[in-house]
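Structure, as structure tokens:
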Amino acid sequence: MNLLTDAWIPIQQQGRYQKIGLQQLLCGEAGGELCLPRDDLELACLQLLCAITQVLFTPKDKKELGRFVQQPLAPEIYAEACKDKLDWFDLDHPQTPFMQIRGVSAKEPTPMDKLLAGVADGTNKSFVNPAGLGEALCGGCAAVALFNVANNAPSMGGGFKGSLRGSTPITVLIKGKDLRQTFWLNVLTQESAESVLPWYERTKDQRPNYLDTVKAEEKIPASAIGLTRGLLWQPAHFELLPVEKNATCSCCGCEEPVYRGFKKAKFNYTVEGVWPHPLSSRTFAIKKGEREEKFPSFTTTAPTWTHLSKLVVDQQNDKEGQQAAPVLQQARSFMAAGKIQLIVGGYRNNQATVLERRHELFSLAQGWAEHGLVIHKIIEGGLAYKTALRKALYLFAVGVKDKVHGSGINLCDPVEANYYQQTENLLHQTFAGVDFSEPDSTLQALNRKLKTVIIDLFEQATDPYRQEPKMLKALALARRSLHKSLKDLEPEGAKA
Ligand SMILES: [Zn+2]
């Protein structure tokens, strides 16, 4: 199965499901939306398609990228770009199979579900995974799963190396009008690539590490990894078992040749430094004169909007800072004139265990590119009201030493979860609708609504304890704290 020439991309259009090839999408011969039963695999599939587009075509400059966004490719151009890379994308290639190493020695084959993050893991009760998902995978689903494990999921644990971005990075993609446009909007031009990877030019002809392999125990500086090699980096040694005759793929449900297992082996090396992935923002801190960079990830249950500043806004002082994903930096000058839609996703993990997966769409109104401070203020407001609510509920639970006896009932976590749930749409609407050059009226309206939400949540949460004489003082203390915080949150002019 070859990812460049076969029809493996699961597409839905007007209720019709079919598999098509990348050429049909890039040449405008077919379209539709990606369609896989799991949102994380759908995101990984999109990421893989953007990576292949980048590897086949790196536009010279913004002008050329603009042409690619506007006009479908001619089939001859597609064929020409694929010509010398067919061996990179063949899942069953005798020497260099896609994202695999030939001759992996493993005592036992591993079942395919181990390649689907969070399926084989018994602790993932919160996932609703269709029964049998992962028993047998068709070529397309196996390629997406290999790519997902290599880029987005925690490593297999126990000595297996994880992705170049650490264990569970947040991925950001720009969404275009259709799938074809989305691919191009997430491709860096040569100009952008040179500014993100100053070593771009001397590394641009490198081949992926499943063709030109890494030596055991090798130390590799991140600056030795070129754009193509980094995008297709396979951190581990995997090899699919030979493909078997037609069966139902337990992921996409198609009747196709399937893989029923793979071999895996530990392999050690070190990448020194952080490789600047085009689809990830980075945060950094200066410690003892050294810059330490990290990829943000979802470490708590706090919703995705709380991370949006880190994903979209650049800022820095002499101690720390944050930088948006390179594709967004590129888009700031390329599509600053309009609104932008972002696809944001990633896992939350505890070591090798996946606890949660996210795949969300954000819209940012026109002006997003120049007014990072407004994005920051919206998030700050959303968090400040949450903190006011928590603070009051905390006082209700613990009281004040030697003065007010606490109720001993800690409502902070469940009420915080309710707050996030009830305000999520409001925050999304604010980002999509704010007038970035005149944000004051939107910010005030947002604050008014958040205030109403926290007063309601506070009253609901404490209502069952209102008749408890022993808790009355704690309740009064908590309410005073809430109202003081609310007053502090009013804009200066509104305070009487
Ligand atoms: Zn499948």
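Here residue 253 passes the criteria (1) at pLDDT below 95; (2) more than 16 Å from the ligand (Cβ to nearest atom); (3) open to solvent by 10 Å² or more (accessible area, probe 1.4 Å) except the one numbered (2). The condition of being open to solvent by less than 50 Å² (accessible area, probe 1.4 Å) and over 22 Å from residue 363 (Cβ atoms) holds for only one of 476, 445, 432, that being 476.
For residue 83, are the conditions met, namely being among the basic types (Lys, Arg) and either within 20 Å of residue 148 (Cα to Cα) or touching a His at 6+ places or on another chain (Cβ under 6 Å) (or both)? It is false that residue 83 is among the basic types (Lys, Arg) and either within 20 Å of residue 148 (Cα to Cα) or touching a His at 6+ places or on another chain (Cβ under 6 Å) (or both). If you go through region 373-386 one residue at a time, do you hit one that is open to solvent by 50 Å² or more (accessible area, probe 1.4 Å) and in contact with a Cys (Cβ under 8 Å, 6 or more places away or on another chain)? Checked region 373-386: no residue is open to solvent by 50 Å² or more (accessible area, probe 1.4 Å) and in contact with a Cys (Cβ under 8 Å, 6 or more places away or on another chain). Taken together, the residues in region 197-241 that are open to solvent by 30 Å² or more (accessible area, probe 1.4 Å), touching a residue at least 40 places away in the same chain (Cβ under 8 Å) and not polar (S, T, N, Q) amount to 10. State whether one or more residues within region 186-204 are outside any helix (DSSP H, G or I), at pLDDT 95 or above and charged (D, E, K, R). Checked against the condition, which is being outside any helix (DSSP H, G or I), at pLDDT 95 or above and charged (D, E, K, R), region 186-204 yields at least one hit.
When you go through (1) over 27 Å from residue 170 (Cα atoms); (2) open to solvent by less than 70 Å² (accessible area, probe 1.4 Å) one by one for residue 49, which number turns out not to apply? Going through the list (1) over 27 Å from residue 170 (Cα atoms); (2) open to solvent by less than 70 Å² (accessible area, probe 1.4 Å), residue 49 breaks only (1). Only helices (runs of 4 or more DSSP H) whose full extent lies in region 1-116 are considered here, and the ones with at least 2 residues that are among the polar types (S, T, N, Q) and out of contact with any Phe, Trp or Tyr (no Cβ under 6 Å at 6 or more places or on another chain) are 39-56. Screening the candidates 298, 262 for the property of being away from the ligand (no atom under 16 Å from the Cβ) and aromatic (Phe, Trp, Tyr) yields one hit, 298. Taking region 1-21 as the range and being away from the ligand (no atom under 16 Å from the Cβ) and under 17 Å from residue 80 (Cβ atoms) as the test, the residues that pass are 4, 5. Taking region 301-323 as the range and being in a loop (DSSP other than H, G, I, E, B) and without any contact (Cβ under 8 Å) to a residue 40 or more places away in the chain as the test, the residues that pass are 317, 318, 319.
Entry remark, region 152-180: residues being outside any loop (DSSP other than H, G, I, E, B) and within 19 Å of the chain's Cα centre (by Cα) number 8 in total.
The values are calculated or read from the model by the stated rules, or taken from the named source; none is laboratory data. Just so we're clear, the structure is a prediction, and the values are computed from it rather than from any experiment. Backbone-built Cβ (ideal geometry, glycine too); neighbour counts: all protein chains shown. Remember, those area values only see protein heavy atoms, side chains included, never the ligands or the DNA or RNA. Shrake-Rupley method; radii C 1.70, N 1.55, O 1.52, S 1.80 Å.
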